[in-house]
Amino acid sequence: MSEGAPGFSTLAIHAGAQPDPATGARATPIYQTTSFVFDDVDHAASLFGLQAFGNIYTRITNPTTAVLEERVAALEGGTAALATASGHSAQLLAFHALMQPGDNIVAAKKLYGGSINQLNHSFKSFGWDVKWAEADDLSAFESAIDESTKAIFIESVANPGGVVMDIAGISAIAKAKRIPLIVDNTMASPYLCRPIEHGADIVLHSLTKFMGGHGNSMGGIIVDGGSFDWSADDRYPLLSQPRPEYQGMVLHETFGNFAFAIACRVLGLRDLGPAISPFNAFMILNGIETLPLRMQKHCDNALKVAQHLSSHPKVSWVSYAALPDDKHHAMQQKYCPKGGGAVFTFGLKGGYDAGVGLVSNVQLFSHLANIGDTRSLIIHPASTTHRQLSDAQKTAAGAGPDVVRLSIGIEDAEDIIADLDQALAQV
Ligand SMILES: *Cc1c(COP(=O)(O)O)cnc(C)c1O
C-alpha cells in the first residue's frame, strides 16, 4: 500500500469492513436480526443512555448497516453516516434534525421530481416551508435566505437536465449566513464529486441508484461533514439544547463533529423509523465495491452516446455537461472532472409523438422510471412522470413534449447506440 490515506478504490472495497470477528467470514455477513442480547443490566443501561456504542435494535443500529455507513462516510470524506430505508427518508431525517415549524429550506429549482414533491407538499404539513432559487443564480440563493432559513438544499449534478451546481459558490453564501449546505450527491456519486471538499456540510444519497448500482435494493444515507458549528446560536435546538429523553444530554457537546449524524439516528431514525434492512445494506455494500469501475464506464458510455445523438438528424439538442459546448461544461470540469455522469436529456425534432415512438421501439433499453442501473434506461417524461402537468409547466420543469431522458448503463456502447439508432429510424 502507498503511504498516507488509502485511495478511493481501496476504500470502496475495504472501508468499515473487517473479517467477521465471530466466524472469520471475509464478506460482510448479513446480520438478519431485529435485536441484540445485552451483556448484563449495566451494559443495557449504558446503551440506552448513549454512554456506550453498541447494538440494541435494528431500527437504530445493525452491524451490516454499520459497515455501509462507515464505508460511505469514508468515500465522502465525512465524519459519520446514517443509512436509511430510501433516499427520501434520508432527506426526511436530515431536515427533521434541523427544522422547527415555521422554518424554511432554500432549495435549487432543479431537483429530482420526488424531492420537489416532498418539499412542496409533505414537508408543508410539518410546517416546513420551501423557498425556491434558480439553480444557476447564486444571488437567488442569497436573496431567498431569511431569519427562518435553516438549510440550503441542492443536488451536485441535478436530475434530469445534467446541471452541475456551483457547490463552492453556494457554500460561501451558506457559511456567510451560518446555515448548513446539504448536497444530494446521488447523480454524481463520490467517485465523480465529493461535495464536502467543496464546502458542503451534509451529503445525502439515494443509495438506490449508482451506489447500489444494480437496480435491486432501496436505500439512502446521510453523511455528516463534521464542519458545522451547531452551538454558535440557538437556531438548531435538537443539537444544541439538553435532550429530555437522554437525561439532559446536549448532543453537540457530547458528540462534537459527528453530532448531526447522531441526532439523525437517536432522534430521527429512532422516532420516525425508516430503517434500511440489513439485506439491502449488504446488497448496496457489494455494489459499492465496484462503484469506481462502473461509474467510469457509465461516464465513458454516456459521452459516446451523447456525441452520437448530437449529430443525429432526428435530434434537435443534447444537454450533457461533459460535451465541450454544453453550458455547464466549465462547472463539470471543476466539480466532476472524471466525467459527466450517466444521465442526460435530449430533444426530438418530432416532439411528443416521436418521444412515445422512441420509448416504444427500444429493445436493449428498459422503459422505466429509474436511473443508475447497470442497464440502460429510457423515459419520456411528458407521457409518464410529468404527464399531469400542463404543456407550459412541463417545459418549465425541463420535461417538454420533445424531451427524452436516458440513464446510460454499462453495456457495450456500440450496442446502446445501435438500439437508439434502430428505434429512432422508426419514429
Ligand atoms: C431517486 C432519487 C432520490 C430519492 O431516492 P429514493 O431512494 O427513491 O427514495 C433523491 N434524489 C435523487 C437525485 C434521486 O435520483
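Throughout, read-outs are computed from the coordinates displayed, never taken from laboratory work. Since we're looking at a predicted model, the values are computed, not measured. FYI the Cβ positions are ideal-geometry reconstructions off the backbone, even for glycines, and counts take in every protein chain you see.
Quick notes on this one:
- Computed from phi, the 3J(HN,Hα) profile of segment 161-167 under the Karplus parametrisation 6.51, -1.76, 1.60 (θ = phi - 60°) reads x, x, 6, 9, 7, 7, 4 Hz, with x in place of Gly and Pro.
- When peptides 130-142, 222-234 are ranked by their average number of other Cβ atoms within 10 Å per residue, the highest-first order is 222-234, 130-142.
- Nearest 10 degrees, 0 to 90: helix 278-289 Cα axis against the chain principal axis: 60
- Modelled FRET efficiency - R0 25 Å, A25 with E70, Cβ distances, 0.05 increments: 0.90
- By the helix-only formula, in which each DSSP H run with n ≥ 4 contributes -39500 (n - 2.57) and the sum is divided by residues, the chain has a 222 nm mean residue ellipticity of -9500 deg cm²/dmol.
- Extension gain for the segment H367 to Q296, taken as residue separation times 0.36 nm less the Cα-Cα distance, is 23.2 nm to one decimal.
- Leading residue at positive end of dipole, the chain (Cβ point charges), from H121, H43, G398: G398
- Net +/- balance of residues flanking A81 in space, Cβ distance below 9 Å, scoring K and R +1, D and E -1: -3
- For segment 96-194: Kirkwood Rh in Å [reciprocal of mean 1/r, alpha carbons]: 13.5
- Charged side chains reduced to their Cβ positions (Lys and Arg at +1, Asp and Glu at -1) give segment 64-196 a dipole of some 140 debye around its Cα centre.
- Only Lys, Arg (+1) and Asp, Glu (-1) charged, at Cβ; segment 158-205 dipole about Cα centre in debye: 180
- Relative contact order (percent, whole number), the chain, Cα cutoff 8 Å, 6+ residue spacing: 16
- Scattering profile of segment 292-424 at q = 0.21 Å⁻¹ [log10 I(q)/I(0), Debye over alpha-carbon scatterers]: -1.30
- Mean projected area of the convex hull spanned by the Cα atoms of the chain, taken over all viewing directions: 21.5 nm².
- Sequence-ordered 3J(HN,Hα) estimates for segment 409-417 from the Karplus curve with 6.51, -1.76 and 1.60 and θ = phi - 60° stand at x, 10, 5, 6, 4, 4, 6, 5, 5 Hz, glycine and proline given as x.
- Here's the list of lysines a cross-link from K175 could span, going by alpha-carbon distance under 22 Å and ignoring same-chain residues fewer than 8 apart: K109, K110, K131, K150, K334.
- Amide H partners (placed H, <5 Å) of N159, local residues excluded: Y112
- Computed magnitude of the charge dipole of the chain (debye, nearest 20; Cβ of K, R +1, Cβ of D, E -1): 580
- Distance from segment 209-259 to segment 125-193 (C-alpha centre basis), Å: 18
- Stretch gain in nm, segment I13-S46, where the contour uses 0.36 nm per residue and the Cα spacing is subtracted: 8.6 nm
- Three-way shape call for segment 9-116 based on the alpha-carbon gyration tensor, with the a/c threshold at 1.5: oblate
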